[in-house]
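Here the structure comes first, spelled out in structure tokens, and everything after it is commentary.
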Amino acid sequence: MLKKLRKFFVMLRECVTMSLENIWGNKVRSFLTVLGILIGVTAVIALITTVNGVSGSLTSSFSSMGAGTLTVSVTGSDLKTGLNTDDLNELTGLDLVAGLTPTVSSRVRVSRGGSYESGMTVSGKNAYYFRTNPDVVTRGRALNVIDESNMSFVCLIGPELVETFFYGVDPVGESLYISGIPFTVVGLFSDENTESITSMFSGSPDILVPYTTALKLNNDNLVTSFTVYLADGADSELASDQIEAAMDVMFSYEEDCFTITTMSSVEDTMEEMLGMMTALLAGIASIALVVGGIGIMNMMLTSVTERTTEIGLKKALGAIPWQIQVQFLIESFLLSIIGGIAGVALGLLLSIILTNVMGTEFVVSVGAIALGVGFSAAVGIIFGWAPARKASKLNPIDALRSV
Amino acid sequence: MSEVFFNMEGINKFYQMGDERMHILKDIHLRMDKGEYLSVLGPSGSGKSTLMNIIGCLDTPTSGSYVLNGNLIEDMTEAELAQIRNREIGFIFQNSQLLPRLNALRNVEMPLIYAGIPPKERRRRAMEMLERVGLSDRMYHFPNQLSGGQQQRVAIARALVGNPNLLLADEPTGALDQKTGRQVMQLFQELSDEGRTIIMITHDMHIASYARRVVHIIDGELTEGGEASHA
């Protein structure tokens, strides 16, 4: 048994040496054959690594902006279509909640002097929003609790409106008309410094007003959407439960009146989407691997035909059929895995470049490397099988006569 | 006086060629003792290659019994035949059949690979054999850097390296000029004097006459030619 095993390894070692010599002896042909595998693996590695990078930076920016917040959107019941100020105050008072900012927005027409601009987005904010995002206000003052309770006609305007209506004029203290109502500009804002999920999904607003004022502009007095900031260290699930309990009371336990979205659920959806995308792209790339495998099979078949004499001679000298088969299998395996390893190297290089260009994080995915190498090895064995079998079946007499 | 090396009894071989069934070997009886030097003489198409293939265990007879060194050949699987070839027989082919990508040394090592001999031992024995055939200064040459005679000597070294009981040569001088052919025959003579069993297949009466015993094969029928007179 031991002797047989030793014999096997002696032969195996020789097969590897001879295969490498054969591959090296036909450099150009080997390179062309391997090209398919190389491209396939490169594509798989580059895609997976790049998508992983994108997903990584998306997730990290998501969790940084969404850390400690929940969004609640209210569909309401027939009796109660939204939350009033008292309700909001009650939610703010919950011990896992630090504060909340209602989201009230509408499209309006803004005018000043003779010129106007329609389709401008007005967003209602409360004082808490400005406390948590102090960088929003670039000039003038923020909106405060007094503005809120008085439903004052004051506003902050964004860079676009400054350019449209106040070219060369300091806008602070000036007035403009929003839906025909005169507002006083008390400050300027820019949301460049604060990423918020709302702005990410709905675009940034042009004008900020007290949320109560925004409700009045909408002829409404109920808030249907708001962001909850959690108290330091509060668990989002627990907080979500607490808010849910409080809101159930507000809506008299009617069902389906509101939904609470935690950031982690958004992240989950996001990751799921990216995962699907990765799988799809990898699937497309693996077609290249299959095509590469066919290339290898073709080359191996040619090689078997070319080396008929060699096969016949080896058989005459005492090679058993399966030894011939192993030799050809090893050759196609090595050919394929060399392509695979080169593809991994090239793919990683490509993803370093891509992630640099896109400014995302470069993460070496061990899974992707294993997939690339494993897949190419499998391709080598699967597509080398038939040619190797053919070689092992050659009749030594016919093979030797072919000279 | 001597031990029987192989014995063929009533060997027949048929080949199917299209719808024609050809009777290549007809009731062959051949017995050979250890240490004999035999040549099989016959024109092309006489069935001598088929006979050689059967002697060399590359082919099996359609009917008849063949016992080689105590092994009943017709009962063997392909893998067993391969091992018999590896252990018992050293082949020498007409055009030496060296692998062009391997140097002389590695060509000679080839049968030892399939015998499972480790590399160092392989190298040592191959070197020894190349020295034996007078090519100690050509070990690292590739076949295309060697003359026809040298190539054939490498092939002989390869046939000898596994220390087989039988040296089976098919037209060993077929591709050589007369002078080198004579040198190769001289080497065969020496090997025979060392006590090796040799069978040489040839169509050349002159070459055949180097052997101590000649059998003729014509049209698939074997006739004993008696002791050769060349020496």
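What follows is calculated from the coordinates using simple rules that are stated; it is not laboratory data. Just so it is clear, the structure is predicted and the values come from calculations on it, not from any experiment. Virtual Cβ from ideal backbone geometry, glycine too; neighbours counted across all protein chains shown.
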(request) Choose one of A:Leu222, A:Ile260, A:Ile284: the residue whose Cα lies farthest towards the positive end of the charge dipole of region A:218-284 (beta-carbon charges +1 Lys, Arg; -1 Asp, Glu; about the Cα centre). (result) A:Ile284
(request) Pop a pseudo-label 7 angstrom from the Cα along the beta-carbon direction at both B:Ile218 and A:Met276 and give the gap in nm to one decimal. (result) 8.7 nm
(request) Can you put A:Val28, A:Val51, A:Val162 in order of Cβ neighbours within 10 angstrom, beginning with the fewest? (result) A:Val28, A:Val162, A:Val51
(request) Determine the shielding of peptide B:93-105 by partner chains: average, over its residues, the number of Cβ atoms on other chains within 10 angstrom of each Cβ. (result) 3
(request) Report, in deg cm²/dmol and to the nearest 500, the calculated mean residue ellipticity at 222 nm for chain A, where each DSSP H run with n ≥ 4 adds -39500 (n - 2.57) and the sum is divided by the residue count. (result) -20500 deg cm²/dmol
(request) Count charges around A:Thr309 for me, please; just the other residues with Cβ under 11 Å from its Cβ, Lys/Arg as +1, Asp/Glu as -1. (result) +1
(message) Quick one: 3J(HN,Hα) in Hz for region A:308-325, Karplus 6.51/-1.76/1.60 with θ = phi - 60°, rounded, Gly and Pro as x.
(response) 3, 4, 4, 5, x, 4, 4, 5, 4, 7, x, 6, 7, x, 5, 5, 5, 4
(request) Could you please rank B:Arg158, B:Arg213, placing first whichever residue has the fewest other Cβ atoms within 10 Å of its Cβ? (result) B:Arg213, B:Arg158
(message) Taking θ = phi - 60°, what integer Hz values does the Karplus form 6.51 cos²θ - 1.76 cosθ + 1.60 yield along region B:162-179, in sequence order, with x for Gly and Pro?
(response) x, 6, x, 7, 10, 9, 10, 10, 10, 6, x, 10, x, 9, 10, 6, 4, 5
(request) Name the most mobile residue of A:Ala234, A:Ala388, A:Ala319, meaning the one with the largest mean-square fluctuation, in a Gaussian network model of chain A with Cα contacts below 10 Å. (result) A:Ala319
(message) Nothing charged except the Cβ atoms of Lys and Arg (+1) and of Asp and Glu (-1): what's the magnitude of the dipole of region A:285-403 about its Cα centre? Round to the nearest 20 debye.
(response) 500 debye
(request) Add +1 for every Lys or Arg and -1 for every Asp or Glu among the other residues with Cβ under 12 Å from the Cβ of A:Trp322, and state the total. (result) +2
(request) Could you check what % of the DSSP bridge pairs in the protein assembly as shown are antiparallel, to the nearest 5? (result) 70 percent
(request) Could you work out the mean count of beta carbons from other protein chains within 10 Å of each residue's beta carbon in A:5-12? (result) 3
(request) In nm, give the distance between the simple-model label positions of A:Asp398 and A:Ile382, each being 7 Å from the Cα along the Cα-to-Cβ direction. (result) 2.9 nm
(request) Return one number: the angle in degrees, 0 to 90 and rounded to the nearest 10, between the long axis of the Cα atoms of helix A:2-25 and the longest principal axis of the Cα atoms of chain A. (result) 70 degrees
(message) Output wanted: per-residue J couplings in Hz (rounded whole) for region A:49-56, from phi through Karplus 6.51 cos²θ - 1.76 cosθ + 1.60, θ = phi - 60°, x for Gly and Pro.
(response) 5, 5, 4, 4, x, 4, 5, x
(message) Between A:Thr269 and B:Glu190, what is the label-point separation in nm under the 7 Å Cα-to-beta-carbon projection?
(response) 9.0 nm
(message) From the helices alone, meaning DSSP H stretches of at least four residues, give me the mean residue ellipticity at 222 nm for chain B, per-run term -39500 (n - 2.57), in deg cm²/dmol to the nearest 500.
(response) -10500 deg cm²/dmol
(request) Starting with the fewest neighbours, write out A:Cys15, B:Cys57 ranked by other beta-carbon atoms found within 10 Å of each beta-carbon. (result) A:Cys15, B:Cys57
(request) Set the Förster radius R0 to 41 Å, insert the Cβ-Cβ distance between A:Thr302 and B:Gln178 as r into 1/(1 + (r/R0)^6), and round the FRET efficiency to 0.05. (result) 0.55
